[in-house]
Amino acid sequence: MHTNENPHWQAGENDFTSIKTRFNRTIPDIESQFRQAMQTAGINYSGEIIHDGKLHRFHIEGHKRGSQNGAYIFHADGCPAGWFLDFKTGLSQTWRSGNAASVSYAFSEQIREAKKQRETEIFQKHEETAKKAVHIWGKSKQIANQSDHQYLVNKRIQPNGARIYGNALVIPIYNESDKLVNLQFINTRGEKRFLSGGRKRGCFHIIGNLLSKILICEGFATGASLHEDSKQRVVVAFDAGNLLTVAKNIRDLSQDSEIIICGDNDLSGVGQSKAREAALAIGGKVLIPKIPGKDWNDLIAGGREHG
C-alpha cells in the first residue's frame, strides 16, 4: 500500500508520551517559580495555584483568619506569566518565566481591572468605617481633666480633644476635607489600635488653633505635650510612615504657615529619617530630641516632673 506521508513527520505513541511528560513536568516548575516570586515579595501562600488566566482571591498566611487579601492571575501555557497583589498593603508585582518576553495586552487589562476592584473595595471599607467612627464618637464621653483616664495621667497630658469610650481613650482622626474617618483607641496600659478597615494614610488629629506655626508629630501624647508647652497648633500623624503624606496635606491647607516636623529620636533612625523626608518635601523645618530613644513627650513631661 502506497502512502504520501513523509516518514520524518510521523510520530509514534512513545514520542507523544515523551512530549506530554515534559509538559506535565514543566507546569509544576513554573508554579514553583511563581510561588517563589510571591514569597520573595512577602506574600506567603501554600494553597493551589490555578493556571486558567483568571483572577483568583486567596488568604495570605499570617493575615487575619478568613481574610482574602491576596489575588493572583496565572498563565502556564505558551508564555508563562503571572501577577499577584496584596490588597492590604497594595503590593503589586508582575512575573514572567525566562521564556516569556512580555505580557500581553489582555493580561495587562486583567491587572488593571483587579487593581480597580481593590480600589473599590478599599473605598467601600473606608466609607463603612467612617460611619462606624461617627457613631462611636457620638457615644463617647467628653472629658476635660487629666485624671479622667490613666493614660493621660501616665503621660502627664490633658485630653486635648480626646474622649472616652468604654475604658479606652478615643482620638478622632480626620481627612484633608475635615471629615471624621477613623478613631484611635488607647487603653490604660498605652496599647493602641485603630478601627479595622479605616483610612489612616494622610489623615490626622489637630490640637489647638491655627497660628503662625504648625508642628507635626507622630503620636497623640507627643502632640499634646508639644501643644501644652508651645501653645502652637499641633498635627498628629500617628506614625512615622504617615508624616510625609500628612505634611503635604497640611501644606496644601496652610500654604503660608511655618511648618516644623517634630520627629522622634528613634534608636533605629526611622523617626529622624521620616521627619527629614517630610520637611524636605514641603519646605519645612525639623526638630529632633537630643536624647536617643526619646520623643518630645518624654522630654517635656519628664521636664515637668523634675521641674
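No lab work stands behind these numbers, since they all come straight from the coordinates. From a predicted model like this one, the values you see are computed outputs, not experimental measurements. A quick note on method: Cβ atoms are made from the backbone with ideal geometry, for glycine too, and the neighbour counts reach across all protein chains shown.
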Between the residues I49, N297, F74, the Cα farthest towards the positive end of the dipole of the chain, that dipole coming from +1 and -1 charges on the beta-carbon of Lys, Arg, Asp and Glu, is from N297
With the Cα gyration tensor of the chain giving a ≥ b ≥ c as the square roots of its eigenvalues, does the rule (a/c under 1.5 for rounded; else a/b larger than b/c for prolate; else oblate) give rounded, prolate or oblate? prolate
With angles folded into 0 to 90 degrees, how steeply does helix 270-282 sit against the dominant principal axis of the chain? Use alpha carbons for both and round to 10. 90
How much net charge surrounds D295 when only other residues with a Cβ under 9 Å from its Cβ are counted (Lys, Arg +1; Asp, Glu -1)? -3
Count the lysine pairs in region 97-237 whose Cα atoms sit under 13 Å apart, keeping only pairs 8 or more residues apart in sequence or on different chains. 6
If amide H atoms are built 1.01 Å from N in the plane of the peptide, which residues on other chains or at least 5 residues away come under 5 Å of the amide H of K285? I259, I260, I261
Straight-line reach from K54: which aspartates and glutamates have a Cα under 18 Å away, not including same-chain ones fewer than 8 places off? E31, D77, D86, E109, E113
Roughly how big is region 143-306's charge dipole about its Cα centre, with Cβ charges of +1 (Lys, Arg) and -1 (Asp, Glu), in debye to the nearest 20? 160
Non-local amide H neighbours of R96 (under 5 Å, H modeled in plane, Pro and chain starts lacking H): which ones? G82
Using alpha-carbon pairs under 8 Å, 6+ residues apart, how would you state the relative contact order of the chain in percent? 9
Test of the criteria: in region 182-272, which GluC sites (Glu not before Pro) are in a DSSP loop and have at most 15 other Cβ atoms within 10 angstrom of their Cβ? E191
Only Lys, Arg, Asp and Glu count, each charged at its Cβ (+1, +1, -1, -1), so figure out the dipole size of the chain about its Cα centre, rounded to 20 debye. 1100
